[in-house]
Amino acid sequence: PGLLLGALALSVVAWGAEGVGFWLVVRAYAPDAGLLAALFNYTGSTVVGSLSMLPGGLGAAEGSMAALLHAQGLDTADANLVTLVVRGATLWFAVGLGLLALPFVVRWLARRR
């Protein structure tokens, strides 16, 4: 139970940091944006992406994020730009790191045989 609680605590902190990061990006285009609305948008979009069962929630997460941002007052262009910046930082950065690490991991695994 201790290990599980520690992992849960780290997960809450990490996801909270992503939500706050999302809010900071949104505030660049809507300075009066509220933290709770941004957290609702980010978590809701993440859940929609997860429920889509698509890798990384592709399309579903972005569509719902942009739609919620637009519903919260951002114009379509700004909502799309915020969505691209946030998804680029949260999903595609990690995908890029994984692709860079892949050849090293493959070589390391081949040497272990």
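Quick one: how many residues across the stretch 16-36 are more than 18 Å from L81 (Cα to Cα) and surrounded by 14 or more Cβ atoms within 10 Å (Cβ to Cβ)? Of the residues in the stretch 16-36, 1 are more than 18 Å from L81 (Cα to Cα) and surrounded by 14 or more Cβ atoms within 10 Å (Cβ to Cβ). Counting the residues of the stretch 43-84 that are outside any helix (DSSP H, G or I), closer than 20 Å to P31 by Cα and out of contact with any helix residue (DSSP H, G or I) (no Cβ under 7 Å at 6 or more places or on another chain) gives 2. Filtered by the rule that a residue be closer than 16 Å to T90 by Cβ and surrounded by fewer than 20 Cβ atoms within 10 Å (Cβ to Cβ), the stretch 53-74 gives L54, P55, G56, L58, G59, A60, G63.
Here, each number is a calculation from the coordinates, and none is a lab measurement. These figures come from a predicted structure and were not determined experimentally. Cβ: placed from backbone, ideal geometry, glycine included. Neighbour counts: every protein chain shown.
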